[in-house]
Structures are given as C-alpha cells and as structure tokens.
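Visitor: So that we are looking at the same thing, I have put the structure below in structure tokens.
Read-outs: derived from the displayed coordinates by stated rules, not from any lab. Being a predicted model, the structure only gives us computed values, none of them experimental. Every residue, glycine among them, receives a Cβ derived from its backbone with ideal geometry; neighbour counts consider all protein chains shown.
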2 protein chains.
Amino acid sequence: MSASKPIAGGLPLEGLRVLEIGHYIAAPFATRVLADLGAEVIKVEPPVSGDPVRQWGLARDGHAYWWSVHGRNKKCVTLNLKSKEGRALLEELVARSDALVENLRPGQLRRLGFDDDRLLELRPNMVICHVSGYGLTGPLADRACFGAIGEALGGLRYLSNHTPGTTDLPPVRVGVSIGDSIAGLYAVIAVLAGLWSRAPHGRVADVALTEAVLSIMEGVLPEYGGTGTVREPSGGRISTAAPTNAFPTADGGWVLIAANSDALFRILCKVMERPELADDPQYRDNPARCRNVDALEAEIAAWTRRHDAKSLESRLAEADIPSSRVYTAADIAEDLQFNTRKMVQWVDDPRLGKVLHPGSVPMFGASSRQVRWAGPDVGEHNREVYCDLLGLDEDHLNRLSSNGVV
Amino acid sequence: MSASKPIAGGLPLEGLRVLEIGHYIAAPFATRVLADLGAEVIKVEPPVSGDPVRQWGLARDGHAYWWSVHGRNKKCVTLNLKSKEGRALLEELVARSDALVENLRPGQLRRLGFDDDRLLELRPNMVICHVSGYGLTGPLADRACFGAIGEALGGLRYLSNHTPGTTDLPPVRVGVSIGDSIAGLYAVIAVLAGLWSRAPHGRVADVALTEAVLSIMEGVLPEYGGTGTVREPSGGRISTAAPTNAFPTADGGWVLIAANSDALFRILCKVMERPELADDPQYRDNPARCRNVDALEAEIAAWTRRHDAKSLESRLAEADIPSSRVYTAADIAEDLQFNTRKMVQWVDDPRLGKVLHPGSVPMFGASSRQVRWAGPDVGEHNREVYCDLLGLDEDHLNRLSSNGVV
C-alpha cells in the first residue's frame, strides 16, 4: 500500500532519485528527511529480514511503531548483494539514481565491487555520501562504531552530566541516538550540496559520526586550545547565566525557567511573591546570581514545588518570562502549536492502523507536511522498482525471489 | 584579514551567495556550515555592536574564541535596518543573493518592509529560510523562544535525565544549545533543497526550533500514540540492551562500554577476569541482564574503578568490544584520528593568534577541511561588499559610516 497522494504545490525534491544502502539509524534517517522533502528514495535491504531497526522499540504484531516513521515515504526493495545477480541489479539501480547514501561498514561496498570510481562509471555525476563512525580515512577508519561512541568521542556525552561533585551517577544519554541523527542531517546536506556542486571534488562526501557531533560543540574546542580550560558539565544550568534551569513541579514534572537578565529576574521574584529577592545582594545581578546559584535555585524550586506544571507555565507565560514545561511524549501529542502546524499528525499505516507521526522539517508550506505513506514492508516495492523502473518481467522477478536474490 | 586561500579541487558550494540576517546560534550556525562548504556568506549585523554571540564564552581582549569558529569563512558587513538608507542597501544585497537565512523575531523582517513577496520581487527564485522558535504560523508564532525551550518542548530535555526515582536532580542540558544546532542544520537543508526545487512552493522554508528537535525523537511519539507509553529517561543506559553505559575510571574519567550481545558480554567477563559472570543466570542473556542491570553495572563499575581510562580503553579495544573513553575537550584536541583527518586543526586568527578549530562536516576530500579565514571583525567586509560588489564609492561608504547607516 504505497499509493502516493499528490501534494498541493509540490515538494522541493520531487524528481530526485536517491538510493539508500543503509541500516540502523544514520543513513536511513538521512533518506527519511530526503523522502519527506519529496525525493524518490529506494532503500535496498537484505531479503526476508530487512533492516534490523524494523523491530526496534515498542511493536504490535512484530511491527515497530518507530519504523512507521523511520521508513515512511520510501520505496523498499530487497537485494542480496552477496549474489552476482544481486550485484547486477544494483548496477542498474545505481545507473538510474542521482545520489547514493550508504552506511555499511567502511570498505564493505568497495569489497562488493562498488568503489567510488565504479559507481561514477555507472552513473557519471552521481553524488555519493558515505556515513561511517570515524570517517573513511585515518588510523581508525575500519573500526566499527555507533551513535553512542560518536557522542562519547565528539564531546557531547561528557557534558551531559551534572556539575562535578554533585553526583556519582554517570553522564546521561539524551534518550535517542543523537549522534546518528546529527550525522544523518549532515548526510542530507552532503547530498544536496553535492548536487549543486560544480567542483571536481564536490560529489563524494565522507560523514563521520564522531565528527558530526564534534562540529556542533560551539566554543568547547577553541576555548580549550586558547586557554587550556576543559569545559565541565553544568547539569541543567547554563553556567554563565542564572537562573536558567528546569525546576520540579508539584505534579512530578519540570518547568524550564530562563529569567537571567536583571529585569526578568525582578519579574520572576514578583511572580514568586518574593519581590525582596531581586534586591538581595546575593542575587542582585547576574554575576552574583551565578556565584550563589545553588541557594538561588533552592529558592525557586521551593516555589515551583508548590504548583503544578500547567499552572506554573501559565503564570510564567503571563509575565512574559522565557519558560516552558519540559514536555513528555504525552505533552507533545496534545500540544496545540504542534497540532495546528501538523507537526503532530495521525497517519494511516496498513500494519498498525493510525500512527502518530512527527511532521517533516523544514516546512515548505503546510501541505509539505503531508506524509505520503508509512514505513513499508520488506520488499514492498520490489515489483514497482524491478519491473516498472528496471523493466524486468514478472516471471524474472519471481525467479529472483525464489532464488533468494531479492 | 580575509585573504582567501584557494582550496585544491574546489568546494561544493563555490559560486553560491547566501545572505544572513541572523544572530545568536541557529541561523549563524547554518551559514557557518554553508560557508564551510564554499558558499559566499554575507552576514548582516547592527553597526558597532554586531552579533552578541561575538562576546559569548571565554575571550581574550574582548574576542571570544567561539566566534573564531562561529563566524569563520563569512563576510561580515554592518547595516542599520532601522534607517531608510540601510534598507535600500539591503534591497541591493537581496537582489544579488541566491538565498537568505534569517532568525529575527518572527515578523520583524516583514515589519521592516521585507516580506516574502517583496524579497522574491527583488530576487526572483531566491530561497528564503526563516528560522524561529515555534514556526511562522499557529497560535504561538509570535512568542520568543530559544534553544533550551526547543529542547524542552521537542522532548529532548525530559529524556536527558536519570531513571525516575534515581535522583532529585533536574534533567541536564547537553552542554551546548543543541536545539539551535539541529535547527541550523535543517536550515542548511532548506536552503539547498530550495535551490534544487522546481516546485512552486519549494523556495520558502519555515524551520522551528521546537520542531527540529521533535523530528529526531525516533520512536518516542509513535510509541506513545500507539500504546499510550510515555518514554521515560534511562540515564546513561539504553533500556533495552545491557550492559551499555559509561562507567567510572580510577582517574576520574568515564569509559563507555556497549557489550550487550551474549558473545560480547562473554568476552567482557573474560577481560574483567570474571568469566563466571557470563554463565550466571542473572546475566546469561540480554533480557536477564536488563532485569538485573543495577547489579550488573555495579560489577562492571567495581572493575573499571580499579583502572585508568586509557588502560581500560586499550584492554577493551584489544578485545574488540565496542567502547570508548568519554572525551573531554583535552582528549578531543589530542586524538590521533581527529588530527589525522584535520577535524582538529590550528587556524590563524589575527585577533587571537592560533585558534583550535573543528574541521568542516561533511568532508569532500581532505582539502575541503581547510578553513579560509577565522571569524571576522564587525564590518570587516564593508568595503569589499559595499564598494566592490554593490559599486558604492569610498566617499559614499564613509558618509554612510559616519551617519550610522553601516
């Protein structure tokens, strides 16, 4: 079931064909973004089992909810790359694709007979994006990696922790494989920059998980190089601006408050019915508040603990203090702004019924948020791609299927 | 000092001109990525003060180290958009740019006389990317926002925490304004997708911080929609695979260990000189290990606490167990892989001397990592842009400068 509904006004990447030879998160996330923007993505998977991520997380009857989103808007074909016939079919697919995104273990595609030169021979001017843990060159190129290692080496995991001395607990994961997602976004950028490029070296890109993470670390590296200062974690705070943190609420939630200018802090003190705090020498200006941040946060928490999250949220919003509840999945699902903009929407999935999807980002007019189809079954588009696109007849396809080639 | 060294082989976005009317992190991070890839980025700032981010973080003589990276490879011009002459110059800049990235408060550009229609009149087929907190439509469109609020509403902050009941400490910030960086990457995608687009609605993009964060939340939303399950934080763990966590080392660091298959766990037990643990019914398979994860992690931590981080790292690597030290800035700076690939490099900065920069991502051949120039001074490129590009004579520019227009 992949009948595509036409999108009013069209999508920016309509007409672009992208081949994905990927698994798990980074490359498939990249092609999800490309597919959301209208590209025709053909995802190549091993016959029968498919991408292991299809089974990850909560599922019903063996169908993971996440896959409904992760595989959406893509065409899924099976192909056994260990068979000669499988590789011949891959050559045909390459010849008809504008770009390739892959995250096999480094060198695996080359060992299958598809190095960059061969790919560019099959499809001159193709854009090729390799996604790997450590990058394709250097002493660690061949080592296996995954998102959490990218976070650890890129510097993000170390900082996702409380102030040194506060707790013996380890630094936290942010709940998702963010190293993979960031690398995936860079892979999208690589494909689109490559398509625009007129430079001789502008069409083969190398995206490393570790490097994708490091690239977003702001002043962490240059400040160390210039001053020898190792940035330390600061918990929920921003160490140079107080108060900025998440505070506990009476109903067990959190509310984020960023009232770190003197004017905003004065308003916050009024909302807390503690106007005298604004004139207390301990808290009078930002340097003072940063020095006495433990005591300051205790004062604020004593107030927030007496109110539930929604009440705090509205009091703070009325006073125009930058703030928000810290949303759970339930809060996201019912948020008016997300729902109004179709950033939260129910999508028909023939396997799971209605599934709650996030909309596509970036938005190009409201109609661009329409999901065309949910994550397909393994090999669901074999007929469409192998017969309609490559011109195989049905008997041929059936024979390839019986022989385990597709 | 912005003499550009030619890059061997060229950069993919050479020939693309992008105008930035931005400040703080999201839009300027987007244009950093575009400039790293070879685009000619013209950043418009208020005269004299410039972008406040120029002063953020550790600095020497008023020059922040972060700015050296955040502003690199861009041309910085000043322009007072409140003056009529300033707006006339902006019209000229728009007419000569392929794309515009802006993150003024929603509607501010329109109130200055530059709504999308006017921009497209000045430069037909321009790609316009608006970056905002909540997006340009919906009931909250006008509300100010910033990265931390994007994290809170997108669902990331709630999960950046320990397992419920473990601690009263608040969820953590990941140490950087990750909501801004993710939105910035989507803004790059918006610009490049828009340039490729032939669709009528394919050239004006709306990127919201809150939505950029939500888009990477994997199964969190669909699992809630399908089962009513609210995803809870799991600290450093992955709740469905054990052991996977960061463990403390004798020298006060952390080492990340992901030995969550039965085979890897058996090897880990040998490396720990506790082979009997692999056959203990408490830990025999992944479901058992997940049930008894507290006890299991205590066993592993008792071992890691007796060794320093580098020793653990080499023992685990020899055994081929997916693992890594959790890097600080100092570890990143000396890492061989990063240095080999020029992902860590010293860049000449006329204000700060040599500054340690991360390389550009994605990599298009090693030469693409060469930084052309460090973050410029306020208005450093006024003459180049206003005289050489727009054709103003020097007297005219001097007069504009005296009048506070530039």
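Visitor: Once fully extended, how much extra length lies between A:LEU112 and A:THR227, figured as 0.36 nm per residue of separation less the alpha-carbon to alpha-carbon distance?
Guide: Net length gain for the segment: 36.6 nm.
Visitor: By how many nm would the segment from A:ASP285 to A:ALA88 grow when fully extended, if each residue of separation counts as 0.36 nm and the alpha-carbon distance is taken off?
Guide: So the extension gain works out to 64.0 nm.
Visitor: Also, quick follow-up: Got a sec to turn the phi values of segment B:341-354 into Karplus ³J(HN,Hα) couplings, 6.51 cos²θ - 1.76 cosθ + 1.60 with θ = phi - 60°, whole Hz, x for Gly and Pro?
Guide: Those phi angles translate into 8, 6, 6, 10, 8, 8, 10, 5, 10, x, 8, 10, x, 7 Hz.
Visitor: Residues with amide H under 5 Å of A:LEU256's amide H, sequence separation 5 or more or different chain, H placed in the peptide plane at 1.01 Å from N; which?
Guide: Close amide H contacts, sequence-distant or interchain: A:PHE247, A:SER324, A:ARG325, A:VAL326.
Visitor: In addition: What order do you get for A:294-306, B:198-210, A:386-398 when each peptide is scored by the mean count of other beta carbon atoms within 10 Å, highest first?
Guide: Listed from highest to lowest mean packing, they are B:198-210, A:294-306, A:386-398.
Visitor: Express in whole angstrom the spacing between the alpha-carbon centres of segment A:104-129 and segment A:33-67.
Guide: 23
Visitor: Taking neighbour Cβ counts within 10 Å as the exposure measure, how do A:THR163, B:THR240, A:THR31 sort from fewest upward?
Guide: The most exposed by this proxy come first: B:THR240, A:THR163, A:THR31.
Visitor: Below 29 Å, Cα to Cα, which lysines can B:LYS270 reach? Residues fewer than 8 away in the same chain don't count.
Guide: B:LYS310
Visitor: Sort A:94-101, A:112-119 by packing, meaning the average of other beta carbons within 10 Å per residue, with the highest value first.
Guide: Highest to lowest by the protection proxy: A:94-101, A:112-119.
Visitor: Using each residue's phi in segment A:151-161, evaluate 6.51 cos²θ - 1.76 cosθ + 1.60 at θ = phi - 60° and report the 3J(HN,Hα) Karplus result to the nearest Hz, with x for Gly and Pro.
Guide: With coefficients 6.51, -1.76 and 1.60, one gets 5, 5, 7, x, x, 6, 5, 4, 7, 7, 8 Hz.
Visitor: Within 10 Å of each Cβ of B:237-247, how many other protein chain Cβ atoms are there on average?
Guide: 3
Visitor: Using only atoms on other chains, find how many Cβ atoms lie within 10 Å of each Cβ of peptide A:51-60 and report the average.
Guide: That average works out to 3.
Visitor: Can you give the FRET efficiency to the nearest 0.05 for A:ASP395 and A:VAL48, using r as the Cβ-Cβ distance and R₀ = 22 Å?
Guide: E between A:ASP395 and A:VAL48, to the nearest 0.05, is 0.60.
Visitor: Here's another thing I want to ask about it. Using amide H atoms built 1.01 Å from N in the peptide plane, name the residues 5+ places from A:ALA205, or on other chains, whose amide H lies under 5 Å from its own.
Guide: Hits under the 5 Å cutoff: A:ILE128, A:CYS129, A:HIS130.
Visitor: Using a 7 Å offset from Cα along Cα-Cβ at B:GLU334, what residues in segment A:209-226 end up with backbone N under 14 Å from the label point?
Guide: From segment A:209-226, the list is A:225.
Visitor: Which ³J(HN,Hα) values, rounded to whole Hz and listed in residue order, are derived for segment A:38-51 from phi using the Karplus coefficients 6.51, -1.76 and 1.60 in 6.51 cos²θ - 1.76 cosθ + 1.60 with θ = phi - 60°, glycine and proline given as x?
Guide: Going residue by residue, I get x, 5, 8, 9, 10, 9, 9, 10, x, x, 6, 6, x, 5 Hz, with x marking Gly and Pro.
Visitor: While we're here: Nearest 5 is fine: what % of DSSP beta bridges in the protein assembly as shown come out antiparallel, could you say?
Guide: That works out to approximately 45 percent antiparallel.
Visitor: Ignore the peptide's own chain and count Cβ atoms of other chains within 10 Å of each Cβ in A:318-325; give me the average, rounded.
Guide: 3
Visitor: Would you kindly state how much longer the chain becomes between B:ALA317 and B:LYS354 on full extension, computed as 0.36 nm times their sequence separation minus their alpha carbon distance, in nm to one decimal?
Guide: Value of the extension gain: 9.9 nm.
Visitor: Sort A:316-323, B:42-49, B:13-20, A:276-283 for me by packing, meaning the mean count of neighbouring Cβ atoms within 10 Å per residue, highest on top.
Guide: B:13-20, B:42-49, A:316-323, A:276-283
Visitor: Do the sum for chain A: with -39,500 (n - 2.57) for every DSSP H run of n ≥ 4, divided by all residues, what is the mean residue ellipticity at 222 nm, to the nearest 500 deg cm²/dmol?
Guide: -9500 deg cm²/dmol
Visitor: If I fit a long axis through the Cα atoms of helix B:178-196 and take the longest principal axis of the Cα atoms of chain B, what angle between them do I get, 0 to 90°, rounded to 10?
Guide: So the inclination is approximately 60 degrees.
Visitor: How would you classify segment B:77-181 from its alpha-carbon gyration tensor, with a ≥ b ≥ c the square roots of the eigenvalues: rounded for a/c under 1.5, else prolate if a/b is greater than b/c, otherwise oblate?
Guide: Judged from the Cα gyration tensor, segment B:77-181 comes out prolate (a/c at least 1.5, a/b above b/c).
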